[in-house]
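Notes follow once the structure below has been shown.
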Amino acid sequence: MELRKINIQDALAQWEYTTELPADENGLTNPYHGVSYEEYVGTVLPKLISYEQPVDMPDWFVPETYYYLRLFGW
């Protein structure tokens, strides 16, 4: 297993995982449930990656980095 930063190279596996999570389960929400691969790669992924080095964000915004646990063979 390997902990990997979200990235474009692993987009297909990240999309499969993210979009299959329930939209709402026990109060935890997933706004990306069911989005198309094209929308994920074209809109969602760039937005999530940009949060690590935010540009033009409000003063209160805290940078964040998304990680995925990569299983070997993925």
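The values are calculated or read from the model by the stated rules, or taken from the named source; none is laboratory data. These numbers were taken from a predicted model, which means no experiment stands behind them. Using ideal geometry, Cβ is built from the backbone for each residue, glycine included, and neighbour counts are taken over all protein chains shown. Surface accessibility is based on the protein's heavy atoms, side chains included, excluding ligands, DNA and RNA. Shrake-Rupley method; radii C 1.70, N 1.55, O 1.52, S 1.80 Å.
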Looking only at the stretch 1-21, and only at residues there that are open to solvent by less than 80 Å² (accessible area, probe 1.4 Å) and of a type in the set (A, V, I, L, M, F, W, C), the one that is nearest to Leu71 (Cα to Cα) | Ala13
Examine the stretch 22-41 for a residue that is open to solvent by 90 Å² or more (accessible area, probe 1.4 Å), polar (S, T, N, Q) and free of Cβ contacts under 8 Å to residues at least 12 places away in the same chain, and state whether such a residue exists.
-> yes
Output the number of residues of the stretch 15-28 satisfying the condition of being of a type in the set (S, T, N, Q) and under 13 Å from the mean Cα position of the chain (by Cα).
-> 2
Residues within the stretch 58-74 that are modelled with pLDDT under 90 and either touching a Lys or Arg at 6+ places or on another chain (Cβ under 9 Å) or surrounded by 10 or more Cβ atoms within 10 Å (Cβ to Cβ) (or both), tallied | 5
Residues of the stretch 42-57 being within 11 Å of the chain's Cα centre (by Cα) and either touching a residue at least 12 places away in the same chain (Cβ under 8 Å) or open to solvent by less than 30 Å² (accessible area, probe 1.4 Å) (or both), in sequence order, are Val44, Leu45, Leu48, Ile49, Tyr51
Those residues of the stretch 19-47 which are of a type outside the set (Asp, Glu) and outside any loop (DSSP other than H, G, I, E, B) amount to Thr19, Leu28, Thr29, Tyr37, Tyr40, Val41, Gly42, Thr43, Val44, Leu45, Pro46, Lys47
In the set Glu64, Glu16, which member is part of a helix (DSSP H, G or I) and of a type in the set (Asp, Glu)?
-> Glu16
